[in-house]
Structures are given as C-alpha cells and as structure tokens.
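Below: the structure, in structure tokens.
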Amino acid sequence: MELKLNSLLIHGGVDGDETTGAVNVPIYQTSTYKQDGLGQTRGGWEYSRTGNPTRAALEKLIAALENGKYGLAFASGLAAINTVLSLFKSGDKLIVSDNIYGGTFRILNNVFKDFGLEYIIVDTSDIAKVKAVLDDDKEGNIKAVYIESPANPLLTITDIEAVTKIAKASGRLTIVDNTFMTPYLQRPLDLGADIVVHSGTKYLGGHSDVVSGFAIVNDDEIAKRLYYLQNAIGGVLGPWDSFLMIRGIKTLGVRMDRHQENALKLAKWLLDSGYVDKVYYPGLESDPGYEIQKKQAKGFGAMISFVLKKEYDYKTFFKSLKLITLAESLGGVESLVCHPASMTHAAIPKEIREEVGITDELIRFSVGIEDAEDLKADVEQAILASKKGA
Ligand SMILES: Cc1ncc(COP(=O)(O)O)c(C=O)c1O
C-alpha cells in the first residue's frame, strides 16, 4: 500500500518487530553477531559499523521519507557531509552556496582543502552566477554544486530544480542540505538533486537530545560508493540514537506544522514591530525567495534571522531573554536563539561573513512549538530591555 507522508513518518521503513510483534523497532545494542560457520551469518549481520538492524530500520525510513532508494545514517550531520565529500578526489572542485552552516565551511576550508578538494563560493540563489561559473570551468574540474536552501543563517532560497538542471546538463552532481526543511516540507531528490544530506540533530530528531546525520540517494553507483565510505570511514549512528531518531521522526509532521505557524506569526510581528532593521524569513511575501520557496516546498520552515535597529544592543537582548534559550543548534521543540557570528558561523572568516551579510548584529531564531504569544512577549521584553542608554 502506497502511504502518504504523515503515515510514512509512523509506518515507513521497518514497521515494528516481526519476531515479537513489538510496535517499535528494538534497540539492537550489539557490536557484533554470531556466525554459524565461516562466512555463515544470520541475515548478513557481521559487525555494527557495517550494519545494525536498528540503524537499518532508520535508514529505510529516511530513504522512504525523502523518496530515495537508499538512506544512510551517521553519527552527526558533519559525519554525513564528510562521507559525501569523500566521494571526490584531489583536483576536484565544488560550488558551494555563499551562506552555509559554518561547520560545512570549516570542513571544506580546513580539512578537505588540504587534500586538494577545492571550493568556489557562489550566490546560488542567482542561477546566472552558477551557470557562469560552470561555463567558465573549461577543464571540467567542478564536479558538484552544494546547496543549502533555505541557507543557514540568512534563509536564502536557491531554485533547486534550476540548479540541478544546469548541473546535470554538464554531468555535475547536485548535493542539497535539507536540514532546515526536512522531507516533510521539501524533497530535493524529486526536484532532481543527486544527494540529500541532513543534520538529523535538528527537526528530524526534534527534541535536542540526539546528534545524527543522513545521506539519501537514488543512484545505485553513488549509493554503492557511499555505503563503502560509510563503513570505511566509520562515522555511523549507534543503535540507541537510531531508535531515538525513529521515535522523533514519528511526530515530525505535527511538530513542523506548529513550528511554521509560530514562525510566520513571529516573523510578521517582528517585521511590523518597529524594532528591527531586517527580517529574513522566506514565508514573508516581501522576501526575495518567497515565490521560489512556494514553488519548491510545502512550507517555509521555522528559522528566522533578524537584525535589531541600532538603538538596541544585541548582546543585552540575548542576556535579557527569559523563556527562549541562547544556544547552538536549532529545530528542537523549544525555541533557541543564537549569534551566528560568534557561534554557529565563527569558523567563517569575518571578511567572508560580512560580505554575505552574516554581520555581528545578526540574530538567528529557531522558533519552537511553545505558545506564540509567550514567544512574542519574551522577544519584546528582551528588545525593550536592550535599548541603549535605558
Ligand atoms: C544546515 C546544517 N547542516 C549541517 C549541520 C551539521 O550537523 P551536526 O551538527 O549534526 O553535525 C548543521 C548544524 O548546525 C546545520 O545547521
């Protein structure tokens, strides 16, 4: 039976336990498996880095949710990204979106660059710019375009279908970090992308209690190489965390609905409040990404960034919040704020940050599922408390 998305969240992948009828997938807390004779495994299970039934159930689930053939689960989003980047070789180049998660920039700039994998930063929301860089690459060294949409932290929207079209036309791959949207709102493989990556730590887990990551693909050859790399590099998700991820994913739909409802209320209120110079949220009709987001996703997500007017002090604002927590990360049921310049994006040199708009004044807000009125009240009292000279 073909299931719709809300049913897939609960019944997708491996549904319960065949042996006992337990409605939840058991936690196979084991590192290894008995072999009945040389080469005689029971169902192919050999060693839990290579494969574990709890992780395998989660991997089937994430593949089903992203409408992909293959899903792979990792110990963090960056472990997934590390494994995907390991598909490339010295001398290869990647195009990357100009505002991406700081850790993704860090692994490209401080790890893979030393192995000869280069990157070119491009504003991927401007398709003409992507095309120009690809056309310019006469030697064919650019092997892939790496997109975040909406991007972290400026929520810039890239037309995924348009990028995949021009990348595919010249034999390049498109990789999409779908962390901010989740498959509930956006399915990049359906838009033509080749590889989807996730920090599962965020909305997929949803409760700020697990660090995890995913890669999802359709292509048999890419999948074969990724499975090889997953085992060879070894950054796999453990059985207990795999269980927690399956549990978290069951409520993804209801959580995302509430997250988005709250985020839209907060973004609209901030925009009209008179307290801010700028609000970044693709769900605002005035946002440059609004139309594309409406076309390629089922919603706008729940990440907002904003800049307070000069008369307010952002440091005092962070200190004055009472309900909303100042912390790294996002996508949990509780609202979190962060200061990208010194926290999530500190690994990006200041000149690059300032050039793309990740200024010291930027505030990132992961809108949780609390009552929107309480969130609004907390933000407002913190802004008022932050008035300079008050
Ligand atoms: C968009 C995005 N991708 C990837 C990552 C990395 O994920 P993890 O922290 O699970 O390694 C993050 C973390 O904040 C992120 O925001």
*Kindly provide the set of residues from the stretch 188-205 that are within 16 Å of the ligand (Cβ to nearest atom) and not in a strand (DSSP E or B), ordered by number.*
Pro188, Ala193, Gly200, Thr201, Lys202, Tyr203, Leu204, Gly205
*Restricted to the stretch 207-233, and to residues that are in a loop (DSSP other than H, G, I, E, B) and away from the ligand (no atom under 13 Å from the Cβ), which residue is surrounded by the fewest Cβ atoms within 10 Å (Cβ to Cβ)?*
His207
_Flag if Ile304 is β-branched (Val, Ile, Thr) and crowded, with 16+ Cβ neighbours inside 10 Å_ = yes
*In the stretch 178-187, which residue that is within 19 Å of Gly103 (Cα to Cα) and hydrophobic (A, V, I, L, M, F, W, C) is farthest from the ligand (Cβ to nearest atom)?*
Met181
*Just wondering, is there one or more residues in the stretch 339-350 that are surrounded by fewer than 16 Cβ atoms within 10 Å (Cβ to Cβ), more than 17 Å from Ser149 (Cα to Cα), polar (S, T, N, Q) and under 23 Å from the mean Cα position of the chain (by Cα)?*
yes
*Within the stretch 11-31, how many residues turn out to be touching a residue at least 12 places away in the same chain (Cβ under 8 Å) and under 18 Å from Ala73 (Cα atoms)?*
10
*asked:* Please verify whether Val163 is more than 12 Å from the ligand (Cβ to nearest atom), touching a residue at least 12 places away in the same chain (Cβ under 8 Å) and over 30 Å from Ser125 (Cβ atoms), treating the condition exactly as stated.
replied: no
*State which residue pairs qualify: first residue part of a loop (DSSP other than H, G, I, E, B) and inside the stretch 134-158, second residue among the hydrophobic types (A, V, I, L, M, F, W, C) and more than 16 Å from the ligand (Cβ to nearest atom) in any location, beta carbons under 7 Å apart, and separation of 6 or more residues or different chains.*
Ile157/Ile292
*Unique match (being under 30 Å from Asp241 (Cα atoms), part of a loop (DSSP other than H, G, I, E, B) and among the basic types (Lys, Arg)) among Arg55, Arg49*: Arg49
*Inspect the stretch 317-331 for any residue being surrounded by 22 or more Cβ atoms within 10 Å (Cβ to Cβ) and outside any loop (DSSP other than H, G, I, E, B) and give the result as yes or no.*
yes
_Just to be sure I understand the filter: pairs with C-beta atoms under 8 Å, separated by 6 or more residues or on different chains, first member in the stretch 177-191 and touching a residue at least 60 places away in the same chain (Cβ under 8 Å) and of a type in the set (Val, Ile, Thr), second member in a helix (DSSP H, G or I) and near the ligand (Cβ under 10 Å from one of its atoms). Which pairs pass?_
Thr179/Gly77
*How many residues are within 17 Å of Arg364 (Cβ to Cβ) and within 12 Å of the ligand (Cβ to nearest atom) if we restrict to the stretch 70-108?*
9
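Where a number appears in this text, it was derived from the coordinates with a stated rule and is not lab data. Source: prediction; values computed, not measured. Positions of Cβ are backbone-derived with ideal geometry, glycine not excepted, and every protein chain shown enters the neighbour counts.
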